[in-house]
1. About the Cα centre, and with charges only on the beta carbon of Lys, Arg (+1) and Asp, Glu (-1), how big is the dipole of region 304-414? Nearest 20 debye, please.
2. Go through Val171, Phe223, Ile186 and say which Cα lies farthest out towards the positive end of the charge dipole of region 168-236; charges sit on Cβ, +1 for Lys and Arg, -1 for Asp and Glu.
3. Farthest toward the dipole's positive end in region 270-414, which of Phe328, Leu379, Pro279, given Cβ charges of +1 (Lys, Arg) and -1 (Asp, Glu) about the Cα centre?
4. Hey, any idea what the orientation-averaged projected area of the convex hull of region 1-117's Cα atoms comes to, in nm²?
5. Where the centre of each part is set by its Cα atoms, how far does region 241-291 sit from region 1-46, in angstrom?
6. Of all alpha-carbon pairs in region 50-169, indicate the percentage at a distance above 18 angstrom.
7. So if I place +1 on the C-beta of Lys and Arg and -1 on the C-beta of Asp and Glu, and nothing else carries charge, what would the dipole magnitude of the chain be about its Cα centre? I want it in debye, nearest 20.
8. Roughly speaking, to the nearest percent, how much of the chain's 1.4 Å accessible area is carbon and sulfur?
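The values are calculated or read from the model by the stated rules, or taken from the named source; none is laboratory data. Just so it is clear, the structure is predicted and the values come from calculations on it, not from any experiment. Here the Cβ positions follow ideal geometry from the backbone for every residue, glycine too, while neighbour counts run over all protein chains shown. Keep in mind that these areas ignore ligands, DNA and RNA; they rest on the heavy atoms of the full protein, side chains included. Shrake-Rupley method; radii C 1.70, N 1.55, O 1.52, S 1.80 Å.
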Amino acid sequence: MKEYWDALEIVLNSTKVLGNEKVFITQALGRILAEDIVADRDNPPFDNSGMDGFAVKYEDIKEATEENPAILELVGEVKAGGESLKVESGTAVAIYTGAPIPEGADTVVQKELTKVEDNKVFIFQELPKGANIRKRGDDYRAGEVLIPKGKLIRAAEVGIMASVNRATVYVKQKPKVGILTTGDEILDIGEPISSPSQIRTSNTYSLYAQILETGAEPVILGFAKDNPEDLREKLENAKSCDVLLTTGGVSVGEYDLVKDFVSEVLGVEPIFWKIAQKPGKPVVFGIWGKEKEKLFFGIPGNPVAAMVVFETLVKPALRKMMGFEKVFNPVVKAKLIGGYKRKKGDRLEFVRVSVEKTDDCFIAKTTGKQGSNILTSMLKANGLAIVDKGITEIKDSELVDVILFDSSFMLEKV
Ligand code: AMP
Ligand code: MG
């Protein structure tokens, strides 16, 4: 039996980063960049105006005041995207934000400091030379690496890619993650219930959603009964996946066959079986594929255990496959309101909690019954408080580390 932190380390050390693929930048959000993004030209590409106003020569507006304005002849206008004009001594050109600075001009006076009458521009204030001009290359220079490979692509990165004329971009691939649901008693949505001992699956779909949340690609491989023929047949479907998740059938029960059949059908090499944690003790982890580049997680059937094992073990591995440098969920310190007590401290425990933000700290409350079959406790939870091995009591308001799996509580009401 592995300690949780050792199990996590083994999983991550066994996980290989996937290759690259080309996607449209509209599909690149949330992916990891697999190439450097380089500027195709200077930005701004030319000197341009930062204001609506008048392009002038500084010499002509020097010492202009309210009482003694500079008076210049208006000789034209230039808009953003327009042709550049020429400013001679004693003249001004009307200019708009983003428009190229006319030849001869070195300063832009914003409209608010001027008045126009009979084709004459009155300028009531001196401005420093170069005022309101955005210089070519102020932002970046042609050839500069603007986004280094390895970066997580957010909206700002997508915008920069567009501005340097990139329609497509290389990103790290996402793993195809197969979900095989096992158990004689398990029914898919829509299947008629013929006996009260049958159970409607939740794991198939909670795992599906968690895979999507991680940014990977879920594939439902089907539902297998606890018998060799069915398991063999359904496991065949897993061959095209990068990661196989099975749920159910990994504890010591008579029908717990999954771990034997993944070895037989897929050549899974088992690495460990069982983690000293609660919930989710009966976890099988193995590697498979030509170069042992694929992962197998045999996840317990208990719905809460399945979700917790995914958050704490599978998700970091999927993130590593997708090229993430930071693979673990955020962990915050929170005051555990009401504390927590347990009889035995023989295993690390992930206690489901609901975390809230107060003005100066995070507070966490346990979500009630902690049995690993109480799925509704996950509805109320947004975090997992880590109660270390050896600890049997956390006092009221003591600080605990909480792994967050949903940060929507950080959103603010208007
Ligand atoms: P097992 O890991 O197969 O021993 O299953 C442990 C418990 O989880 C049993 O009560 C199962 O009925 C339940 N269970 C197994 N698979 C699922 C599933 N896909 N959805 C909901 N409950 C499940
Ligand atoms: Mg079972």
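1. 380 debye
2. Val171
3. Toward the positive end, the furthest listed residue is Pro279.
4. It is 14.4 nm².
5. Here the answer is 27 Å between Cα centres.
6. It works out to 56 percent of all Cα pairs.
7. On the way: 55 positive and 62 negative charges, 357 e Å.
Computed about the Cα centre, the dipole is about 1720 debye.
8. Working: 10500 of 20720 Å².
Exposed carbon and sulfur together represent 51 percent of the surface.
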